[in-house]
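A.B. asks: Pasting a structure below so you can have a look.
The values are calculated or read from the model by the stated rules, or taken from the named source; none is laboratory data. Quick caveat, the model's predicted, so the values are computed rather than measured. Counting neighbours? That spans all protein chains shown, and the Cβs are built from the backbone with ideal geometry, glycine included. Just the protein is used for accessible areas: all its heavy atoms, side chains included, with ligands, DNA and RNA removed. Shrake-Rupley method; radii C 1.70, N 1.55, O 1.52, S 1.80 Å.
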Amino acid sequence: MRSVIFRTTAHIVIGIMLLFSLYLLLRGHNEPGGGFIGALIAVIAFALMILAESAEYVRQRIHFSPGLIAVSGVGISLFSGLFALFLNRPFLSGIWWKTSLPMGTPLLFDVGVYLAVFGAVLSILLRIVEDLE
Amino acid sequence: MVISVFVHLLLLLSLSSLYDPHGVRWQWQWVPSLGVSFSIQLDGLSMLFSWLICGIGFLVQLYAYHYMKGKPSSALFHIYLTLFMMAMLGLVLAGNILILFIFWELTTITSYLLIGFNHDQQISRKNALQAILVTGAGGLALLAGLIMLGGMAGSYELDHIIKNIHLIKTSNLFLPTLILILAGAFTKSAQIPFHFWLPGAMSAPAPVSAYLHSATMVKAGVYLLARLSPVFCHSDLWFWSLVLVGGTTAVWTGLLALKQTDLKLMLAYSTNVALGKLMFLLAFGSRFAIAAAMMFIIAHALYKAAFFMVIGTVDKAAGTRDYRHLAGLGGILKMSFIAAGLSALSKAGIPPLPGFLSKEYMYKAALGVSYLPTAILVLINAVMAGLAFIIVIKPFLVKPDENSVPLKSVEKYTFLWLPPLCLGFLGLFTTLFGLDWLNATLIGPASIAVNPGLETEPLKLWQGINLPLILGGVSLLLGLVVYRYHDAISGFIDQITRRLPSGNDCFEKVMQMISRLASWQTGIFQHGRLSDYMLLLFSILGVHLLWYAAALPVPRTMDFHGVSLHEVILAVFLLAAVITLLLSASRLMGIFSLGTAGFITTLFLMFYNAPDVAKTQLLVETLTVIFLVMVVRRLPGFADTATHSAVRRAVNAGVSLSIGVGVFWTLTSITSGTMDTKLTDYFAANSVIAAHGRNIVNVILVDFRAMDTLGEISVVVMAALGASTLLKKRKRRNG
C-alpha cells in the first residue's frame, strides 16, 4: 500500500523533473546539460512514477512504446545529419539558422539522443519491473 | 517480361555501338580516399562475353516466358534473371578489380536465388545453399587475392596492374596471391575438387541451367583467369595448376557424365568437362590455344544453352529426363530435334559447326607442346562426342518400346523451341558466313587481351588435310565407340566410382565438422553463467592494463602538495564505503555502499570542474540504485549474499587488485608527464566559432564527434531491444 502523501508529492515532483529535463536538453549547447543528461532525469522521473503508481500506469501515460521512442530517436539523429548532405558538406556537419533563432541541426541531433536514451533505458526499466511483478 | 527482354537487346546494342577492338575505358570517382574508382573497360574479351551474356540472356528470357508460363512467380523469375544478367555484365565490364569482385559476389547471390527458385522443394534449397557456400568461400579467397594483387601493383585498376607486371613478379606475395585467385576461379568454374556444386545446381529450372551453366556464371572463373593471364602466365605454378586441375576435371567429370541416366545431369557434368578443357587451354597460352579457347567459349555457350533448353522441353513433354525411358521424341518435338541435332554436331566437332573449329585449333595448340596433352584432348573430345550422340540419338531417334513414357506435344508454345533453334543456326551461320567478322571483332582482340604479346591469326574453317583434322576424325570415331558400348562403359565407371567418396559426401562431412566445431566452441564460451562472463571480461582487462602499465615510465614522485582537507575527507569516506561493500553480508547494504562510493566519485568530479561528467555520473548512479533496488527487493534470499568458494574469492580479489593497480599506475604515470593538449585546445578554440556553443562537452558530443554519438545511441537502443527480448523470453518460459 503506497502512502497518499508520497503519491501526491511524487506527481508534483515528476512534473518539475520533466520540465527540468527539457530545460537541460535545450540549454545543453552552452551550459552544462544536454540530451543524455536530460533523458536520464526524465527516466528517473518515470522511475519515481513507477514507484508511486505502477508500471502499467506509466505505460499508459507515455502512450508510445518506449522501444519505438528509442528507435525514432536514432532516426531523428540520423535525419539531422542528412541536412548537411544537401548542402554538399560531410554527413552530420552542423547547419545553423542564426538569423531568427539560435537553432541548428545539432539541437535536432541532441533531441534524437534524448529520445534514444530515454526510450532505451525506460524500456529496460519497465520490462524489469513488469517481469518481477 | 517484355521489359527484361528489351533490357538485354538494348544493352547489347549500346555496348556494340561503343565497342572498339582496341579497348575503351570509362572512369568515375567512387571512393577517392581509398583509390577505388568505378571504371568500365570494354575490350575484345569483355565484348565477347557481353555478346554471350546479352544474346543468350535474350533467348533464355524468351524461352523462360513459355517455360514458366502459368507459374505464379514467373514475373519474379524474369526479374532474378535480369538481375543476374546485370551482375554478370558488370563482372565482365569491370575495369577495377574491386568492382569486379563486387559483381562477382552479386552473381553468386543472384545465382543462389535462381538455383533455389523452386524453394518449396528441400533438395532445391539444399543445392542452392551448397552452391552459394562453395562459390562464396571461393569469393572470400578471391577477395584476399585481389587485395594483395592491388597492393603489389599499387592500384586496383586493371590496366595499371597489367602495366606493372614487373612489380608483381618480384614481390614475395606473388605466390599466395596466385593461389588465392586460383581458388576463387576454381570454385566458381566448378573445377575438381569443387566440381560437385554444378551438377547439384541442376535442381534449378531449365532456363537457369541454360543461362548460368552454359554461358555465364561458370564461365566467370574462366573469364577471371583469362583477364589476369597476362599477370600470371609466366609462372610455373600457374601452368601446372591449370593443366593438372583442368585436365583432371575434364577427364574425371567426363567419366562421371557417362554414368548418368538423367540427361540434364549428363549435360551438367559435360559442362564441368568443358570448363576443365578451357582451363587446360588457358594454361598453354599460345596463340592457337587462346584462339581455340575463345572459339570454344562461344561454341560451348551456343550448343550447351540450346541443349539445356531442349532438355527442358523434353522434360515438359515427357515428364522425365531419364534417357532409359525416353524414345521417339523426334517425331513429336521436331523443331527441338533440329536444334538438338545441330548442337550435338557442334559438340561432337563435326564441320562446319563452331565446335569443329575450336577442336581443330585445340589440337594445333596441343601438338605444338607435346603428345601427352594431345592424347588427353583426344580422350576428352571422344567423351564429349560420345555424350553428344547419347543425348540426341537415344531419346530422339530410337523407336518407343514398353519402357518409354507417353509424350505430350508441347511445341505449340513457340518459345519452347525457337530459342534453341536460333542458337543452333546461329552457330552454323557464324562459322559459314561470319567468320571474318568474328575474327576481326571478337576473337582477335580477345586473344590480345588474354596475352598482349600475341600475334593473332584469323581462324580458318578449312585448312587442308593435316594432323589436327585426322585427330578430330579419330576422336569422332572414338566417340562413336563410346556411344556403341555406352552401357558397358557406364556400368564399369559405376563400379569404380561407387567405392570412392563423392565430392558431395566430402562437402557434407566438412559442413558437419564446421557445425560441430561451432557448437563445441559455443558451449565453451557461452555457458550462461554471468559471474564467469564477468570474471573473464575483467581478467582480460586486468592483464591488458598491467601489460601496458608495465611499459609506461615510472611516475617520478607522488606530489601531495595542494591537497585540501575536504579531498582527504572525501577519500576516507570513499574508502570506508568500499570496505563496507566488501565486508557486507547483505545485498541491500552492498547496494547502498556501492551507491555511496558512486556519489562520492561524483563529488570529486565536481571539485575538478567537470560539471557535465559529474551530472551524468550522478544520474547514472541514481538510476543504478533504482534498478538494483527494483530487482533486489524481489529476489529470494534477500538478506544474504550467496558466497563463492574461497578459491574463487581469491581469484576475484586478484583480478580486482590487478585492475586497480593497473589503473593507478597508468594514471599517475600519464599525469606526471606533460599532457598533449592539442585536441583540447582545438575544441576550446573552435567550440564557439565553428559550432556556436560554449559547452565544449556537449559540442563535442553533438557536433565535433556526432558520428561517435550516433553510433553510441544506436548501441544503447540495440542493448535495450536485446534486454527486452531476453526478459520477454524469460517471462514466457516461466509462465
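A.B. asks: Put a dot 7 Å past each Cα toward the Cβ at B:Phe433 and B:Tyr608; how far apart are the dots in nm?
C.D. replies: 8.9 nm
A.B. asks: Counting only residues 5 or more places away or on other chains, whose amide H sits under 5 Å from the amide H of B:Asn96 once H atoms are built in the peptide plane?
C.D. replies: Long-range HN contacts for B:Asn96: B:Ser39, B:Leu158.
A.B. asks: Still on this structure, I have one more. Quote the FRET efficiency, to the nearest 0.05, computed for A:Arg2 versus B:Val661 with a Förster distance R0 of 51 Å and r equal to the Cβ-Cβ distance.
C.D. replies: Efficiency at R0 = 51 Å is approximately 0.60.
A.B. asks: I need the phi-derived Karplus couplings for segment B:595-609: 6.51 cos²θ - 1.76 cosθ + 1.60, θ = phi - 60°, integer Hz, Gly and Pro marked x.
C.D. replies: Listing the rounded values in order: x, 4, 4, x, 5, 5, 4, 4, 4, 4, 4, 4, 4, 9, 6 Hz.
A.B. asks: Roll a 1.4 Å probe over the protein chains and send me the accessible area per residue for segment B:2-484 in Å².
C.D. replies: Ligands and nucleic acids excluded, the figure is 36 Å² per residue.
A.B. asks: Within a 10 angstrom radius of each residue's Cβ in B:44-51, how many Cβ atoms of other chains show up on average? Whole number is fine.
C.D. replies: Other-chain Cβ atoms within 10 Å of each residue's Cβ, averaged: 0.
A.B. asks: Here is a follow-up. Going through the cross-link list B:Lys126/B:Lys169; B:Lys126/B:Lys219; B:Lys394/B:Lys509; B:Lys334/B:Lys364, which pairs have a Cα-Cα distance over 31 Å in this structure?
C.D. replies: Too far apart for the 31 Å limit: B:Lys126/B:Lys169; B:Lys394/B:Lys509; B:Lys334/B:Lys364.
A.B. asks: Can you pull the one-decimal nm distance between simple spin-label points at B:Glu457 and A:Leu132, each 7 Å off the Cα toward Cβ?
C.D. replies: Once both label points are built, they end up 8.9 nm from each other.
A.B. asks: Percent of accessible area on the protein assembly as shown owned by carbon and sulfur, 1.4 Å probe?
C.D. replies: 70 percent
A.B. asks: Let me ask something additional. For segment A:38-57, list whatever residues lose no less than 40 Å² of accessible surface once every protein chain is in place, relative to that chain by itself, with the probe at 1.4 Å.
C.D. replies: A:Leu40, A:Ile44, A:Leu51
A.B. asks: Along the Cα→Cβ direction, 7 angstrom out, place labels at B:Leu397 and B:Phe425. What is the inter-label distance in nm?
C.D. replies: 2.3 nm
A.B. asks: For segment B:664-696, list residues with backbone N below 20 Å from a point placed 7 Å from the Cα of B:Ala550 toward its Cβ?
C.D. replies: B:664-670
A.B. asks: To continue, here is another question. Round to the nearest 10 and give me the degree value, 0 to 90, for the angle of helix A:4-27's Cα axis relative to the longest principal axis of chain A.
C.D. replies: 10 degrees
A.B. asks: Here's another thing I want to ask about it. Using a/c under 1.5 as the rounded threshold, could you call segment B:373-482 rounded, prolate or oblate? The axes a ≥ b ≥ c are square roots of the C-alpha gyration tensor eigenvalues, and prolate needs a/b larger than b/c, oblate otherwise.
C.D. replies: Oblate is the answer for segment B:373-482, as a/c is 1.5 or above yet b/c matches or exceeds a/b.
A.B. asks: For B:Ala685 and B:Thr320 in one chain, what is 0.36 nm times their gap in residues minus the Cα-Cα distance, to one decimal in nm?
C.D. replies: 123.4 nm
A.B. asks: Need the C-alpha centroid separation for segment B:469-532 versus segment B:411-468, integer Å.
C.D. replies: So the separation of the two Cα centres works out to 35 Å.
A.B. asks: Next up: How do B:11-17, B:700-706 rank on mean C-beta neighbours within 10 Å, highest first?
C.D. replies: Output ranking for B:11-17, B:700-706: B:700-706, B:11-17.
A.B. asks: Which lysines have a Cα less than 19 Å from the Cα of B:Lys69, not counting those fewer than 8 places away in the same chain?
C.D. replies: Candidates past the 8-residue exclusion: B:Lys316, B:Lys408, B:Lys412.
A.B. asks: While we're here: With a 1.4 Å probe, what is the total accessible area buried between chains B and A, in Å² rounded to the nearest 100?
C.D. replies: 3900 Å²
A.B. asks: Sort the protein assembly as shown into rounded, prolate or oblate with this rule: let a ≥ b ≥ c be the square roots of the eigenvalues of the Cα gyration tensor; rounded if a/c is under 1.5, and if a/c is not under 1.5, prolate when a/b is larger than b/c, oblate otherwise.
C.D. replies: Prolate, since a/c reaches 1.5 and a/b exceeds b/c.
A.B. asks: Between B:Leu34 and B:Asn466, what length comes free when the chain is fully extended (0.36 nm per residue of separation minus the Cα-Cα distance, one decimal in nm)?
C.D. replies: 150.0 nm
A.B. asks: Which whole number gives the average, over all residues in A:25-35, of C-beta atoms from other chains lying within 10 Å of the residue C-beta?
C.D. replies: Going residue by residue through A:25-35 and averaging, the value is 6.
A.B. asks: Moving on. Straight-line reach from B:Lys264: which aspartates and glutamates fall under 15 Å, measuring Cα to Cα and dropping same-chain residues less than 8 apart?
C.D. replies: Hits, sequence-local ones excluded: B:Asp315, B:Asp322.
A.B. asks: Let me ask another. Output the 0 to 90 degree angle, nearest 10, between the alpha-carbon long axis of helix B:263-284 and the longest principal axis computed from the alpha carbons of chain B.
C.D. replies: 80 degrees
A.B. asks: Out of residues 5 or more away from A:Asn30 or on other chains, whose amide H comes under 5 Å of its own, with H placed 1.01 Å from N in the peptide plane?
C.D. replies: B:Arg694, B:Asn695
A.B. asks: First measure r as the distance between the Cβ atoms of A:Leu85 and B:Leu173, then evaluate 1/(1 + (r/R0)^6) with R0 = 35 Å and state the FRET efficiency to the nearest 0.05.
C.D. replies: 0.35
A.B. asks: Near the amide H of B:Ser189, under 5 Å away, which other amide H atoms are found, from residues 5 or more places off or on another chain, if H is placed in the peptide plane?
C.D. replies: Here B:Gly221 satisfy the definition.
A.B. asks: Same structure, new question: In degrees, nearest 10, range 0 to 90: what is the angle between the Cα axis of helix B:44-67 and the longest Cα principal axis of chain B?
C.D. replies: For helix B:44-67, the angle is close to 80 degrees.
A.B. asks: Just subtract the alpha-carbon distance of B:Val405 and B:Cys506 from 0.36 nm times their residue separation and send over the number in nm, one decimal.
C.D. replies: 32.8 nm
A.B. asks: Would you mind giving the mean number of other chain beta-carbons within 10 Å of the Cβ of each residue in B:608-616, as a whole number?
C.D. replies: The mean count of partner-chain Cβ atoms within 10 Å per residue comes to 3.
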